[in-house]
Amino acid sequence: MGTAQRRAREKSEIRRRILDAARDIVKREGFGALTVRKIADAIEYAPGTLYLYFENRDAIARELSFDGFRKLLDAFAPAMRIADPLSRLEATGRAYVGFGMEHPETYRLIFMEDPQLTTAVFEAAGDDPGQRAYHALLDPLEALKESGRLHRDADVQALADTFWA
């Protein structure tokens, strides 16, 4: 194995250790308790080392939120393949509740901790797993409205927000 491959593997491993330690801290103590120093202590590195892998504490927390939303998307995957929008919405709702029941720590992490991180997830552009998870609720509502199965004046955004809450 080449030196570049080894370094990439080592960097990936350290990032994973940082995120695992951060996830453990958040699960035990909440986002408010998450600090670079606590993470560094948990993985036995100097705090400054963590800045080689993440810009700051919020970048670590954001990555934890993104990872939680990726897991939620995995739970939504079977429902998202359903063609009928009402059946898809119902299946997504069941998957959403099931995810919260089966993964309460992850659910708390992405929905009940720092709302700034959740808001940032929804405002981010690109391939954002939080946006994609939200669209798993919004898209079937839009399809229902377009097909006339939902009142033409229905505010699908408000309905999606209500469903999400």
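Here are a few things to note about the model shown:
Rundown of residues vs (1) of a type in the set (A, V, I, L, M); (2) more than 30 Å from Asp24 (Cα to Cα); (3) at pLDDT 90 or above; (4) out of contact with any Leu (no Cβ under 8 Å at 6 or more places or on another chain), yes/no style:
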| residue | (1), (2), (3), (4) |
| --- | --- |
| Ala77 | yes, no, yes, yes |
| Arg81 | no, yes, yes, yes |
| Phe99 | no, no, yes, no |
| Ile110 | yes, no, no, no |
| Glu123 | no, no, no, yes |
| Asp127 | no, no, no, yes |
| Arg132 | no, no, no, no |
| Lys145 | no, yes, yes, yes |
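- Criterion (touching a residue at least 12 places away in the same chain (Cβ under 8 Å) and not polar (S, T, N, Q)) met by exactly one of Arg88, Arg28, Arg37, Arg81: Arg88
- Among the residues examined, Ala160 qualifies as at pLDDT below 95, of a type outside the set (Lys, Arg) and either closer than 23 Å to Ala21 by Cα or part of a helix (DSSP H, G or I) (or both).
- Listed by first and then second residue, the pairs linking a residue in the range 7-21 that is under 17 Å from Ala59 (Cα atoms) to a residue that is outside any helix (DSSP H, G or I) and open to solvent by 60 Å² or more (accessible area, probe 1.4 Å), with Cβ atoms under 9 Å apart and 6 or more places separating them unless they lie on different chains, are Lys11/Leu52; Ile14/Tyr45; Ile14/Leu52; Arg17/Tyr45; Ile18/Tyr45.
- Any helices (runs of 4 or more DSSP H) falling wholly within the range 1-92 and containing at least 2 residues that are surrounded by 17 or more Cβ atoms within 10 Å (Cβ to Cβ) and in contact with a helix residue (DSSP H, G or I) (Cβ under 7 Å, 6 or more places away or on another chain): 3-29, 36-43, 57-80
- Members of the range 130-157 that are assigned to a helix (DSSP H, G or I) and more than 23 Å from the chain's Cα centre (by Cα): Ala143, Leu144, Lys145, Glu146
The values are calculated or read from the model by the stated rules, or taken from the named source; none is laboratory data. Worth saying up front: this structure is predicted, and the values here are computed from it rather than measured. Methodologically, a virtual Cβ is constructed for each residue, glycine included, from the backbone with ideal geometry; neighbour enumeration extends over all protein chains shown. Note: accessible area is taken over every heavy atom of the protein model, side chains too, but ligands, DNA and RNA are not part of it. Shrake-Rupley method; radii C 1.70, N 1.55, O 1.52, S 1.80 Å.
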